[in-house]
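The values are calculated or read from the model by the stated rules, or taken from the named source; none is laboratory data. Values in this document were obtained by computation on a predicted structure and should not be read as measured data. Backbone-built Cβ (ideal geometry, glycine too); neighbour counts: all protein chains shown. For the accessible areas, the whole protein counts, side chains as well, though only heavy atoms, and no ligand, DNA or RNA atoms are used. Shrake-Rupley method; radii C 1.70, N 1.55, O 1.52, S 1.80 Å.
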Amino acid sequence: MLTNLHLNLLIFHKLQKGNIIKTLTQIKLIIFTAIFLVLFDNYSFFHNVLEIYPFNFSNSGFLFSLGLVLVSVITLVFTLVSSKYTTKTILIAVVIVSSMTNYFMNSYKVVIDDSMIRNMMQTDIHESLDLLSIKQVLYFIFLGLLPAYLIYKVKIEYRAFKKEVFAKIITVFASLALVLLSVFIFSKHYTSFFREHKPLRYSTNPTYWIYSTVKYISKTFNSGPIIVKPLGEDAKINEDENTTKKLVIMVVGEAVRADHFSLNGYERDTNPLLKQEDIINFSQMYSCGTSTAESVPCMFSQFDRGDYSYKKGITNENVLDVIKHTGKVAILWRDNNSDSKGVALRVNYENYKKPVNNTICTEGECRDIGMLVGLGKFIEDNKNKNILIILHQMGNHGPAYYKRYTKDFEQYTPVCETNQLEECTQDEIKNGYDNSILYTDMFLAKTIEFLKQYDDTYQTAMIYMSDHGESLGEGGVYLHGLPYFMAPDAQKHIGSLMWFGDKMKQKLNVDVLKAQKDQEFSQDNFFHSLLGIFKVQTTAYDQELDMFNGK
């Protein structure tokens, strides 16, 4: 891609120096921009296409037609929204954004769908800086700013209104004709392209991210006033004053894939402390989504993965609300990630991403372990209630895995110390990732140690469940966030375990739970299992989905 960047710079230098382009009609500028986008911002698309349709004599015409179809579609879209007052603004914006989507698709093999856009919109500045690199800046300058500057400098020749309308009509019909003609001539190829290889279109730039943006806006802003529907208002907990209260800590992990837990048979000892505890490890736990923005609200909602949507998530109360309705459980959410993704809007919430609250911040990072500091006061202040504490980890948030742990946890070396994961070997990436899991192992062990202090006075338990998994370069795919149906198992198969204190063990049928530890579960079970552990009675509860089976 650097060769393309240099070629791009040379072309624009020639154009500007030679004044080759001084004045253009609106349609010509649109067509030139479309050609530029197809030639320079669609490396991922054509790379993926060539893996399915190798360049040979029988495929050559189809491959050329794909480029022509993409140019025609982009030209069609731009023509429909162009006007004297919008053309340059739209073209400049699309060129700049496309340079960034091009970078992320090339570097991490991600798909820019509406879920990814939501994830990006909910990412804080600290996490965004983890992604910043020199390479990204180069993409922005050579594929974004330079063509945008040239578009800005070009003088558009606007003709009489009727001539402009006529030119637009001709362009629209010509674009449609080229698309239809290409599909007709290479119908066999396009039939397989659309029916059997749908994911290929997800990497077209800018068409797919424009479509995804419209979809994101439609879901997010065109839903009218947000009215949250009550859930489980009939919730109650039947207990007398002498019943030992429950103290449960739920740890929401970040980007931990199951196959890198030594508890699940991974060759490296990434869980040296947890293996010493009497834990129940769930080896076949699967996520609701492949991003934090999707998985976290989904796992706390009443909806299963197939039925969950962003709109349902923001317009319905979740399991924390149901438990709160009992009036017998004090709830606290502490967050060392971006935020709760809307889950904790109606319960006590504390931000532990900054030193204002988090007293353990080193090397520019506020550590997960800091969320345990001061919890004793919340417990003391609510000693007459059951207590639920949620700790949302920074965990294994990529791509800067080397930042997620302190140096004393750097057991596996050398590590990838850049956010340009494609520049590192897979072993270097795995080393940094596994060191992060070692830190999570320590954090969870410390959480168990904290709970043991209260085992005489409370029924104690810790539940750990990662939000989603992570790709570490297998097949050239990094990070997470691919559409669920095409995401590799590494992004969906997650780390999950539970620990119970002695009093809680007496109340729960732990032996049955242990017998089911290798059974396939998913985050769909979490809503009902959390109600089950607190013995919440409500019509929102489904015993069949309760991992504790309501016993």
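Per-residue ellipticity at 222 nm from helix content only, as computed over the chain with -39500 (n - 2.57) for each DSSP H run of at least four residues, stands at -13500 deg cm²/dmol. Surface composition of region 398-551: carbon plus sulfur atoms contribute 45% of the solvent-accessible area (1.4 Å probe, protein chains only, all chains present). Applying Stokes-Einstein at 4 °C and 1.567 mPa s to the Kirkwood radius of region 450-551, computed over alpha-carbon pairs, gives a translational diffusion coefficient of 83 µm² s⁻¹. Once the mean of 1/r is taken over each pair of separate Cα atoms and inverted, region 376-432 shows a Kirkwood hydrodynamic radius of 13.9 Å. Here the relative contact order of the chain, from alpha carbon pairs under 8 Å that lie six or more residues apart, stands at 20 percent.
From the cross-link list Lys198/Lys341; Lys28/Lys153; Lys446/Lys535, which pairs have alpha carbons spaced over 19 Å apart? Over 19 Å Cα-Cα: Lys198/Lys341; Lys446/Lys535.
In the chain, Rg over Rh equals 1.04, where Rg is the alpha-carbon radius of gyration and Rh the Kirkwood radius from pairwise Cα distances. For region 346-454, the calculated P(r), taken from all Cα-Cα distances in 5 Å bins from zero up to the bin holding the longest distance, is 2, 12, 19, 20, 17, 12, 8, 5, 3, 1, 0 percent. In the chain, the sites counted are chymotrypsin sites (Phe, Trp or Tyr not before Pro) in DSSP loop states with at most 12 other Cβ atoms within 10 Å, and the longest stretch holding none of them, exclusive of the sites, is 86-551. From the alpha carbon centroid of region 107-180 to that of region 227-251 is 50 Å. Membrane-span-like helices in the chain (whole DSSP H runs, Cα extent of at least 18 Å along the helix axis, mean Kyte-Doolittle hydropathy of at least -0.5): 2-18, 26-40, 57-81, 87-108, 161-185, 207-221, 426-452. The string of couplings for region 340-345 from the Karplus curve (6.51, -1.76, 1.60, θ = phi - 60°) is 8, 6, x, 5, 9, 5 Hz, one whole number per residue in order, with x for Gly and Pro. Evaluated at 10 °C with a viscosity of 1.306 mPa s, what Stokes-Einstein diffusion coefficient in µm²/s does region 245-293 have when Rh comes from the Kirkwood expression over alpha-carbon pairs? Translational diffusion coefficient: 124 µm²/s. Accessible surface of Ile90, taken over heavy atoms with a 1.4 Å probe and every protein chain present, rounds to 50 Å². Just to confirm a number: summing +1 for Lys and Arg and -1 for Asp and Glu over residues other than Arg268 whose beta-carbon lies under 10 angstrom from that of Arg268, what do you get? Computed value for this residue: -2.
In the chain, a dipole from Cβ-located charges (positive for Lys and Arg, negative for Asp and Glu) runs towards its positive end, and of Pro488, Gly364, Leu143 it is Leu143 whose Cα lies farthest in that direction.
In the chain, which cysteines lack any other cysteine Cβ under 4.7 Å from their own? Among the cysteines of the chain, none has its Cβ 4.7 Å or more from every other.
For Met285, nonlocal amide neighbours, meaning residues 5 or more places apart or on other chains whose placed amide H falls under 5 Å from its own, are Ile494, Phe521.
Antiparallel beta bridges, as assigned by DSSP with both residues in the chain, represent about 35 percent of the total such bridges.
For region 229-321, GluC sites (Glu not before Pro) are listed when DSSP marks them as loop and at most 10 other Cβ atoms sit within 10 Å of their Cβ; the list is Glu241, Glu267.
Note on region 25-137: Cα Rg divided by 2.2 N^0.38 Å, N the number of residues, gives 1.24.
In summary, the convex hull built on the alpha carbon positions of region 144-214 has an orientation-averaged projected area of 7.3 nm². Working from the pairwise distances between different alpha carbons, so that the mean of 1/r is found and then inverted, what is region 408-476's Kirkwood radius in Å? One over the average 1/r among Cα pairs gives 14.4 Å for region 408-476.
Over the chain, accessible surface divided per residue gives 45 Å², non-protein components excluded, 1.4 Å probe. Think of the chain as a dipole: +1 on every Lys or Arg Cβ, -1 on every Asp or Glu Cβ, centred on the Cα centre; then among Gly342, Phe534, Ile217, Ile217 lies furthest on the positive end. Counting only aspartates and glutamates at least 8 places from Lys383 when in the same chain, those with an alpha carbon closer than 18 Å to its own are Glu239, Asp240, Glu241, Asp455, Asp456.
A P(r) calculated from all alpha carbon pairs of region 223-374, with 10 Å bins opening at zero, reads 9, 28, 36, 23, 4, 0 percent. Relative to the globular-protein estimate of 2.2 N^0.38 Å, the Cα radius of gyration of region 82-213 stands at 1.31.
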